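Everything below concerns the one structure shown next.
The values are calculated or read from the model by the stated rules, or taken from the named source; none is laboratory data. All values derive from a computational prediction rather than experimental measurement. Note that we place each Cβ from the backbone using ideal geometry, even for glycine, and neighbour counts take in every protein chain shown. Ligands, DNA and RNA are stripped out before the accessible areas are found, and what is left, the full protein with its side chains, is counted by its heavy atoms. Shrake-Rupley method; radii C 1.70, N 1.55, O 1.52, S 1.80 Å.
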Amino acid sequence: MAKRDYYEVLGVDKNASAEEIKKAYRKKAIQYHPDKNPGDKDAEEKFKEAAEAYDVLGDPQKRQRYDQFGHAGVGGASQAGGGFGGMSMEDIFSQFGDIFGGHFGGFGGFGGFGGSRGGRRVNRGSDLRVKVKLSLKEIATGVEKKIKVKKYVPCSKCHGTGAEGSDGVKTCDTCRGTGVVTRVANTILGQMQTQTTCPTCGGEGKVVVKKCAACNGEGVVRDDDIITINIPAGVMEGMQLSVSGKGNAARHGGVNGDLLVLIEEEPHPELLRDENDLLYNLLLSFPQAAMGTTVEVPTVDGKAKVKIEPGTQPGKVLRLRNKGLPSVNSYGTGDLLVNVSVYIPETLSSSEKETLEKLDKSDNFQPNKKAKESFFSKFKHFFE
């Protein structure tokens, strides 16, 4: 099913400020919070959908890519498991709980998710950035790429916990597993309660008492990983795609970072790209341009025949509809623009000179009124 527009999900205008977006997300999150809608799968999906929208629109760089390229610019539906659909509620609360003062479930008196979760912090792995070079043919059709990257992956011995055996980790005694320490102070305004991250466990709610020997208690190790990337058709140089959850693994079984894919275009030997259009310079001989002919021009997927009418003038542009590149947002396909050039020999033999001198005396080979008018119509703004 196609993803909804993120601005529509949050109910904000495309020119909305960062604060307006944050407020809109908070409103949606409260409305569809699992504690407020127990057992309601539709509310849960809308809660995740709002979190996905805020993850993009709440980040200036992601928002810029989304505004320019749509869902494809931020991973979108083209990436398997992209977005928050494959993430748990714990992941969402860990990333956006700060919007609600660090206690996502602490508003409105809801229990359930918020009450049991407290302020526990879930680690997040760092993002990875890679460059992928694509040919024009790959850009025209979209492509699946398999890349090998060196990154942090969960430790296979402890399964990412960082602990040796089932008794290697225990609940933090300082915060009793909540991840926060609550302090009450007496002030002239009465008692004030504050919460801070637990200094003992760093907000995780648990501590490793017996470290895994393979990862030294970190829960992650460096290793090679083969990642499959589905790149949509129509991407362009400098565009950055985001593949959710394919970055570095986090310490102690947290949330994986993202893989950011920077697109590079391999130069084509004959074609130039101009947005979704392709440009080709067709070089004709003088007889071909004068008498007309049929020639073949290159396209991204082969050749196309083009008919040259007799008397075709240098500078004429022939347009081959839909022979360009598709839009990354599926808004149509560009054209192949063929610019006609005529080759003038630099040296001539005696017989060639004699032939051209005879032709030069013919009225057909003299610049006519139509040619002059064509020139003035192209550059009339210089004479106005």
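Only one residue in Asn186, Asn216 is out of contact with any strand residue (DSSP E or B) (no Cβ under 6 Å at 6 or more places or on another chain) and farther than 29 Å from Lys246 by Cα, so which one is that?
Sole residue among the options that is out of contact with any strand residue (DSSP E or B) (no Cβ under 6 Å at 6 or more places or on another chain) and farther than 29 Å from Lys246 by Cα: Asn186.
Exactly one of (1) more than 30 Å from Val143 (Cα to Cα); (2) in a loop (DSSP other than H, G, I, E, B); (3) in contact with a helix residue (DSSP H, G or I) (Cβ under 6 Å, 6 or more places away or on another chain) is unmet by Leu359. Its number?
The single condition Leu359 does not satisfy is (2).
Go through the stretch 269-282 and give me each residue that's open to solvent by 60 Å² or more (accessible area, probe 1.4 Å) and not aliphatic (A, V, I, L, M).
Within the stretch 269-282, Pro269, Glu270, Asp274, Glu275, Asn281 meet the criteria.
Going residue by residue through the stretch 239-261, is there one that turns out to be outside any strand (DSSP E or B), farther than 17 Å from Asp127 by Cα and at pLDDT 90 or above?
The answer is no; no qualifying residue exists.
Select from the stretch 297-325 the residues that are hydrophobic (A, V, I, L, M, F, W, C) and within 26 Å of Met239 (Cα to Cα) and write down the one among them that is surrounded by the most Cβ atoms within 10 Å (Cβ to Cβ).
Taking the candidates together, the pick is Leu325.
For the structure I just gave you, tell me whether Val328 is within 19 Å of Ser135 (Cβ to Cβ), in contact (Cβ under 8 Å) with a residue 40 or more places away in the chain and in contact with a helix residue (DSSP H, G or I) (Cβ under 8 Å, 6 or more places away or on another chain).
Yes: the conditions hold for Val328.
Determine whether Glu45 is in a helix (DSSP H, G or I), open to solvent by less than 40 Å² (accessible area, probe 1.4 Å) and within 16 Å of Arg4 (Cβ to Cβ).
So Glu45 fails the test.
I need a count of the residues in the stretch 1-59 that are under 18 Å from Gly73 (Cβ atoms) and in contact with a His (Cβ under 7 Å, 6 or more places away or on another chain).
Matching residues across the stretch 1-59 total 1.
Just need a number here: residues in the stretch 24-42 that are open to solvent by 50 Å² or more (accessible area, probe 1.4 Å), touching a residue at least 60 places away in the same chain (Cβ under 8 Å) and not in a loop (DSSP other than H, G, I, E, B). Explain how you work it out, then say what you get.
Pass one, the stretch 24-42, residues open to solvent by 50 Å² or more (accessible area, probe 1.4 Å): 26-28, 31, 36, 38-42.
With the extra rule that they be touching a residue at least 60 places away in the same chain (Cβ under 8 Å), the set shrinks to 26, 36, 38.
Within this subset, residues satisfying the condition of being not in a loop (DSSP other than H, G, I, E, B) are 26.
Number of matching residues: 1.
Give the residue, chosen from Gly247, Gly257, Gly253, that is open to solvent by 50 Å² or more (accessible area, probe 1.4 Å) and touching a Gly at 6+ places or on another chain (Cβ under 9 Å).
Details: Gly247 fails: open to solvent by 50 Å² or more (accessible area, probe 1.4 Å); Gly257 fails: open to solvent by 50 Å² or more (accessible area, probe 1.4 Å).
Matching residue, one of Gly247, Gly257, Gly253: Gly253.
Among the numbered criteria (1) out of contact with any Gly (no Cβ under 8 Å at 6 or more places or on another chain); (2) in a loop (DSSP other than H, G, I, E, B), which single criterion is violated by Glu8?
(2)
Could you say whether any residue in the stretch 275-283 is out of contact with any strand residue (DSSP E or B) (no Cβ under 8 Å at 6 or more places or on another chain) and in contact (Cβ under 8 Å) with a residue 24 or more places away in the chain?
Restricting attention to the stretch 275-283, the residues satisfying the condition of being out of contact with any strand residue (DSSP E or B) (no Cβ under 8 Å at 6 or more places or on another chain) are 275.
Checking the rest, the ones that are also in contact (Cβ under 8 Å) with a residue 24 or more places away in the chain come to 275.
Among the residues of the stretch 275-283, at least one is out of contact with any strand residue (DSSP E or B) (no Cβ under 8 Å at 6 or more places or on another chain) and in contact (Cβ under 8 Å) with a residue 24 or more places away in the chain, which makes the answer yes.
Report, by residue number, each residue of the stretch 1-15 that is surrounded by fewer than 17 Cβ atoms within 10 Å (Cβ to Cβ) and not charged (D, E, K, R).
Of everything in the stretch 1-15, those that are surrounded by fewer than 17 Cβ atoms within 10 Å (Cβ to Cβ) and not charged (D, E, K, R) turn out to be Met1, Ala2, Gly11, Asn15.
With the condition kept exactly as written, say whether any residue in the stretch 120-133 is among the hydrophobic types (A, V, I, L, M, F, W, C), touching a Cys at 6+ places or on another chain (Cβ under 7 Å) and at pLDDT 85 or above.
The answer is no, given that none of the residues of the stretch 120-133 is among the hydrophobic types (A, V, I, L, M, F, W, C), touching a Cys at 6+ places or on another chain (Cβ under 7 Å) and at pLDDT 85 or above.
Hey, can you tell me all the residues within the stretch 120-146 that are charged (D, E, K, R) and closer than 28 Å to Pro326 by Cα?
Arg129, Lys131, Lys133, Lys137, Glu138, Glu144, Lys145, Lys146
Looking only at the stretch 266-307, filter to residues that are in contact with a helix residue (DSSP H, G or I) (Cβ under 8 Å, 6 or more places away or on another chain) and not basic (Lys, Arg); which one of those is modelled with the lowest pLDDT?
Within the stretch 266-307, the match that is modelled with the lowest pLDDT is Asp301.
Looking only at the stretch 167-213, which residues are more than 35 Å from the chain's Cα centre (by Cα) and under 21 Å from Ser126 (Cα atoms)? Write out each step before concluding.
Quick first cut of the stretch 167-213, residues more than 35 Å from the chain's Cα centre (by Cα) only: 167-178, 180-196, 198-201, 206-213.
Cys201, the sole residue that qualifies.
For Val181, are the conditions met, namely being open to solvent by less than 50 Å² (accessible area, probe 1.4 Å), at pLDDT below 90 and farther than 30 Å from Asp225 by Cα?
Judged against the criteria, Val181 is a match.
Tally up the residues in the stretch 326-352 that are in a helix (DSSP H, G or I) and either open to solvent by less than 50 Å² (accessible area, probe 1.4 Å) or at pLDDT below 85 (or both), please.
Number satisfying all stated conditions: 1.
Give the residues of the stretch 184-213 that are part of a loop (DSSP other than H, G, I, E, B), modelled with pLDDT of 85 or more and open to solvent by 60 Å² or more (accessible area, probe 1.4 Å), sorted by residue number.
Passing the criteria: Pro199, Thr200, Val209, Lys210, Ala213.
Show the residue pairs that are 6+ apart or on different chains and have beta-carbon atoms under 9 Å apart, the first residue being within the stretch 176-187 and farther than 10 Å from Gly203 by Cβ, the second being open to solvent by 70 Å² or more (accessible area, probe 1.4 Å) and of a type in the set (Lys, Arg).
That search, which allows pairs on different chains as well, returns Gly177/Arg120; Gly177/Lys206.
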